[in-house]
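**Student:** Here you go, one structure.
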Amino acid sequence: MDLAWSEKDLAFRDEVRAFLDEKLTDDLRQAGRLMTSVYADHEASMAWQAVLHERGWAAPAWPVEHGGCDWTLTQHYIFSRESTLAGAPALSPMGIRMVAHAIIAFGTPEQKAYFLPRILTGEVFFCQGYSEPEAGSDLAALTMAAVDDGDHLVCTGSKIWTTHAMEANWIFALVRTTRGARKQQGITFLLVDMTSPGIEIRPLVMTSGEEIQTQIFFDSVRVPKANVIGTIDDGWTVAKYLLEFERGGGAMAPGLQVMAEDIAKEAAHQPGPGGGALIDDPAFAAKLADVRIRTE
């Protein structure tokens, strides 16, 4: 088995490296280094998205006709790896990596024409409305009601652990439109304008002092039925499809490799049990070697 990159792959890698060297400012790299989870600083993330969009690389996994890249699987991996190694801040996954794919697969032509270009530019910034106070791991138990009222659904209830709701101007949410024999039935996938009357956002303060996650309250919020993705009562099908993209589609190894190397650098300056540096301790060195092997 030949595990070496092809000449075409190496040329693409060099192209990506040159782009990152030119476009990644010190501030953007710092934002990438300071990430505490999958989310970078919001302003830095949006600035980097604008740079990528100008190049046509903001949403490489989208179909080409909607602004994606005609890359091979190897090229997708190389781009992910080089971006991580260079310290690029991550883009918010809610729009580009998640709801956009649901819109592409289940949306109407009008929905695609409106939302997809605006997701690319960042004009539309989504948050995710799935979990509820009594429906977290058991998502199908959700109770947020959406009552049929002519051309609208009237939504009342609450969503919790909603990331970046303070910055978002749209939310994609699962709502209860009817109750069937199975709790997965009667759920609808809905796009809600966050400026709609009746929406209240309360930040949840983390132990670090950050206010990244929130609880959102909906009090008789009127949402046009035109904002339903798929069909009413069949939102579970859309949600399952979207989860394929939420839980995959990115190369995780590059980030783990960067973390392993950061640990090694830090260990070189920390005292070990034998008096020398921690990096020279045989037990620690064995664990670090195992991590490097696994990530590679």
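The values are calculated or read from the model by the stated rules, or taken from the named source; none is laboratory data. Keep in mind the model is a prediction, meaning the values are calculated, not measured. Virtual Cβ from ideal backbone geometry, glycine too; neighbours counted across all protein chains shown. Heavy atoms of the whole protein, side chains included, go into the accessibility calculation; ligands, DNA and RNA do not. Shrake-Rupley method; radii C 1.70, N 1.55, O 1.52, S 1.80 Å.
**Student:** Six or more apart or on different chains, Cβ under 7 Å: which pairs go from a residue in the range 20-33 that's in contact (Cβ under 8 Å) with a residue 24 or more places away in the chain to one that's β-branched (Val, Ile, Thr)? Could you list them?
**Tutor:** 23/51
**Student:** Something else now. Would you confirm, using the coordinates I've provided, whether residue 242 is surrounded by fewer than 17 Cβ atoms within 10 Å (Cβ to Cβ), outside any strand (DSSP E or B) and among the hydrophobic types (A, V, I, L, M, F, W, C)?
**Tutor:** In short, no.
**Student:** Right, another one. Would you pick out the residues in the range 36-62 that are modelled with pLDDT under 90 and among the polar types (S, T, N, Q)?
**Tutor:** Correct list: 36, 37.
**Student:** Out of all the residues in the range 220-239, is one or more under 21 Å from residue 34 (Cα atoms) and either open to solvent by 30 Å² or more (accessible area, probe 1.4 Å) or under 20 Å from the mean Cα position of the chain (by Cα) (or both)?
**Tutor:** no
**Student:** Looking only at the range 149-186, how many residues end up being without any contact (Cβ under 8 Å) to a residue 60 or more places away in the chain and either surrounded by fewer than 21 Cβ atoms within 10 Å (Cβ to Cβ) or more than 15 Å from residue 134 (Cβ to Cβ) (or both)?
**Tutor:** The qualifying residues number 20.
**Student:** Do you know which of the residues in the range 99-148 that are charged (D, E, K, R) and open to solvent by 60 Å² or more (accessible area, probe 1.4 Å) is nearest to residue 231 (Cα to Cα)?
**Tutor:** 148
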